[in-house]
Amino acid sequence: MITKKEFQRRRRQLMRMVGKGGIALIPSAPELKRNRDVDYPFRQDSDFYYLTGFNEPEALAVLIPGREQGEYLLFCREFDPQKALWTGRHAGLDGARDDFGADDAFPMEDLDEILPGLLENRERVYYPMDRGGDLHGRLLDWVHQLRDKARSGVTAPSEFVSVEHLLHDMRLFKSPAELAVMRKAAQVSAAAHVRAMKACRPGLFEYQIEAELLHEFTLNGMRSPAYPSIVAGGVNACVLHYTDNDAKLQDGDLLLIDAGAEHANYAADITRTFPVNGRFSEPQRALYELVLEAQEAAIAQIKPGAHWNEPHDAAVRTLTRGLVKLGLLKGKVDKLIKDETYKQFYMHRTGHWLGMDVHDVGDYKVGGEWRMLEPGMVLTVEPGLYVAPDCKKVDKCWRGIGIRIEDDVLVTKAGCEILTGGAPKTVAEIERVMQA
């Protein structure tokens with residue numbers, strides 16, 4: 001797990017970038033109502049948690065580089081014995097200081113009274129401009145209050161900066177402690193996919209396979225998936241973000257599962273595709289092995305110094321060449337790639353950053369150029385092929401087949417490490433697991 005020392009190190013790193021003339025405000029996630037008296041399960045804002053480890057709503061972290069009375073302040077809920085009786089333990093002001101490392105803590109109710117004074121004579125305010133809730137409006141009010149005191153020598157911040165640019169670049173590089181958490185999430189998620197393969201058979205419903213996934217997650221203390229699980233049988237696999245998960249599994253169809261657990265606020269993200277009855281048909285095998293070849297080609301490009309787009313380019317070339325060989329595309333490979341003709345069967349990118357969010361933060365381009373891969377980055381590699389059931393351009397045997405294979409990959413000093421290797425993905429491995 002992430003230690004108090006690491007959270008402290010992250011705050012200090014951000015404050016060094018903010019500088020002594022700045023102040024950073026990072027709000028927690030709000031509680032969200034599901035219906036009437038029922039809330040959605042609370043999930044903390046990733047940026048806020050990354051800096052604080054504090055897992056409660058109604059909180060605001062304030063970082064003030066160089067402030068002699070304390071650089072890290074936490075506004076949060078005061079301890080309420082009645083609330084503790086009904087909904088459980090919460091930190092309160094003492095816990096914010098003693099357990100979460102705040103130099104000082106104040107009630108959220110005192111925010112309007114205290115925050116303007118903390119903004120005095122600061123040049124810049126760093127905060128999440130696009131997701132700060134009511135913080136933006138309140139911040140403008142506090143600044144106006146300070147400007148009204150200009151004749152008494154008080155200056156107000158004159159520059160407002162998005163904190164994400166700094167914070168998200170920090171989050172892109174995973175520490176050893178973060179990688180330990182992600183490896184655990186990957187291990188449990190891989191075991192869940194194996195469990196789904198073993199449980200699968202014709203006549204079950206997609207939601208019954210989803211239940212197997214959730215069972216394995218929960219059995220290992222991971223009570224939430226990192227994202228809504230995709231359990232897509234047959235033609236449903238051609239819908240990229242299918243989540244109805246309510247259809248009956250048919251003999252002779254493939255089942256595509258895109259599912260991963262969340263562990264201590266870090267995500268795993270795995271996709272496997274396998275035959276409902278445990279045996280690939282010849283057309284299914286041909287397309288599947290092409291997608292697997294494309295994934296292997298993409299993973300081979302992941303190493304320090306490679307650019308973000310190189311795995312995608314390798315996957316696209318492999319898929320396009322294979323589609324021509326199988327007769328689904330006609331023409332020269334280079335021209336088909338240039339004209340993006342392959343997109344009728346492969347319409348998404350080959351991966352994304354992974355971390356506290358399943359589609360994690362971090363720029364893909366820097367200065368207009370694809371970002372260079374560096375040790376500590378984690379990305380997914382997920383090529384696929386999707387032949388629409390009504391695609392008249394191809395032989396009937398290919399129609400309605402949807403395949404995706406996805407793994408989580410860490411960039412290392414020597415190359416890369418596949419974190420999700422515990423989930424079988426060759427034809428022989430899958431058929432052996434399903435028939436065991």
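The values are calculated or read from the model by the stated rules, or taken from the named source; none is laboratory data. Being a predicted model, the structure only gives us computed values, none of them experimental. Cβ coordinates were reconstructed from backbone atoms using ideal geometry, including for glycine residues, and neighbour counts include every protein chain displayed. Quick note on the areas: whole protein, heavy atoms, side chains included, nothing else; ligands and nucleic acids left out. Shrake-Rupley method; radii C 1.70, N 1.55, O 1.52, S 1.80 Å.
A few points about this structure:
- All-pairs Cα distance distribution in region 149-200, expressed in whole percent, bin size 10 Å: 18, 20, 19, 17, 12, 8, 5, 1
- Label separation (R279 vs K303): 4.2 nm, computed from points 7 Å beyond Cα along the C-beta direction.
- The simple Förster model, with R0 at 22 Å and r as the Cβ-Cβ distance, assigns D103 and E58 a FRET efficiency of 0.65.
- With protein chains left intact and a 1.4 Å probe, residues in region 130-193 average 49 Å² of accessible area per residue.
- Each label was represented as a point 7 Å from its Cα along the Cα-to-Cβ direction; for K20 and I418 these points are 5.2 nm apart.
- Scaled against the 2.2 N^0.38 Å expected of a compact globular protein of N residues, the Cα radius of gyration of region 292-333 reads 1.26.
- Annotation: aspartates and glutamates with alpha-carbon distance below 13 angstrom to K248 (same-chain offsets under eight excluded): E206, E210.
- For region 307-403, the solvent-accessible area of protein heavy atoms averages 48 Å² per residue (probe radius 1.4 Å; ligands and nucleic acids excluded).
- Residues of region 110-127 with amide N under 19 Å of a point placed 7 Å along Cα→Cβ from D148: 110-122
- Placing pseudo-labels 7 Å out from each Cα toward the beta carbon at A177 and E6 gives an inter-label distance of 0.5 nm.
- Rh by Kirkwood over Cα pairs, then Stokes-Einstein D for region 48-93 at 1.306 mPa s and 10 °C, µm²/s: 133 µm²/s
- Taking the protein heavy atoms of the chain in the context of the full set of protein chains, the accessible area attributed to carbon and sulfur is 50 percent at 1.4 Å.
- Note on the chain: with a GNM built from Cα contacts shorter than 10 Å, the maximum mean-square fluctuation among V324, V276, V366 falls on V366.
- Distant-in-sequence amide H partners of N245 (H built 1.01 Å from N, under 5 Å): V231
- Share of alpha-carbon pairs per 5 Å distance bin for region 339-436, given as whole %: 3, 10, 15, 17, 17, 15, 12, 8, 3, 1, 0
- Computed over region 80-200, the alpha-carbon pair-distance distribution with 10 angstrom bins reads 10, 22, 27, 23, 12, 5, 2, 0, each value a whole percent.
- Here r is the Cβ-Cβ distance between H215 and W86 and R0 is 25 Å; the resulting FRET efficiency, rounded to 0.05, is 0.30.
- Residue-span extension gain [V38 to C397] - 0.36 nm each, minus C-alpha spacing: 124.4 nm
- Label-reachable residues, region 38-62, where backbone N falls under 18 Å from a point 7 Å from D134's Cα toward its Cβ: 57-61
- Placing R0 at 25 angstrom, the Cβ-Cβ distance between L326 and R349 gives a FRET efficiency of 0.65 after rounding to 0.05.
- Tail fraction, Cα-Cα pairs, the chain, threshold 37 Å, whole percent: 36 percent
- Subset of K396/K425; K303/K325; K330/K392; K335/K425; K4/K413 violating a 21 Å alpha-carbon distance limit: K396/K425; K303/K325; K335/K425; K4/K413
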